[in-house]
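The values are calculated or read from the model by the stated rules, or taken from the named source; none is laboratory data. These numbers come from a predicted model, not from an experiment. Cβ coordinates were reconstructed from backbone atoms using ideal geometry, including for glycine residues, and neighbour counts include every protein chain displayed. Just the protein is used for accessible areas: all its heavy atoms, side chains included, with ligands, DNA and RNA removed. Shrake-Rupley method; radii C 1.70, N 1.55, O 1.52, S 1.80 Å.
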Amino acid sequence: TTFAGLYRYNMNDLVEVTDFYGTIPTIQFVQKINGIISLTGEKLHEKQFITAVQQVEKETGNRLKFFVGFANIQDSNYSFYYEFVDKYLKEVNCEYEAKRNSLRLKDPVTFRLQENSFETFKSRCIDEGARDGQFKLNLLMQDEVRHEKFKNLILE
């Protein structure tokens, strides 16, 4: 601090008084003020967003390479963009690692699926003639017909 006093400087910081040293408050930085967004009164804080992402990482075991969120005023919703690190595939497949590192294989693209997307997909396949008792789905495919069906299940 300076003799003029720290409180006189507009730093656009959100701080929290965490304790006192005698009569002097001790503060902790929380976040920048411009990291608070509210479309309909929800007052979503950047710190809450980061905490939520960290919780997802902890629960899934997937570390994010990058993430960012945007408020869409016109649509009254948020867009969350994220990149999962594909390091696990690199660890189990040396050729995948080599192709990714040489940039011959580009970064994976991620999409979030609608709720109950598997059930919806299965129902559509059965409606088109697949047999319910024999329905099987590989989790890794090169099948443009099935791929197109999943494209219809992406949340927008």
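Would you grab the residues whose amide H sits under 5 Å from the one on Ala130? Only those 5+ places off in sequence or on another chain, please, with H modelled 1.01 Å from N.
none
Semi-axes, largest first, in whole Å: what does sqrt of 5 times each Cα gyration tensor eigenvalue give for the range 35-156?
Output for the range 35-156: semi-axes of 31, 24, 13 Å.
Go through 104-116, 36-48 and give me the packing order, highest mean Cβ count within 10 Å leading.
With the highest mean Cβ count within 10 Å placed first, the list reads 36-48, 104-116.
Need one value: the accessible area of Phe29 in square angstrom, 1.4 angstrom probe, rounded to the nearest 10.
Near enough 110 Å² of accessible area.
I need the fraction of alpha carbon pairs in the range 93-154 separated by more than 15 Å, rounded to a whole percent.
64
Can you list residues from other chains, or at least 5 along the same chain, whose modelled amide H is less than 5 Å from the amide H of Leu14?
For Leu14, whose amide H was placed from the backbone, the distant partners under 5 Å are Val30, Gln31, Lys32, Ile33.
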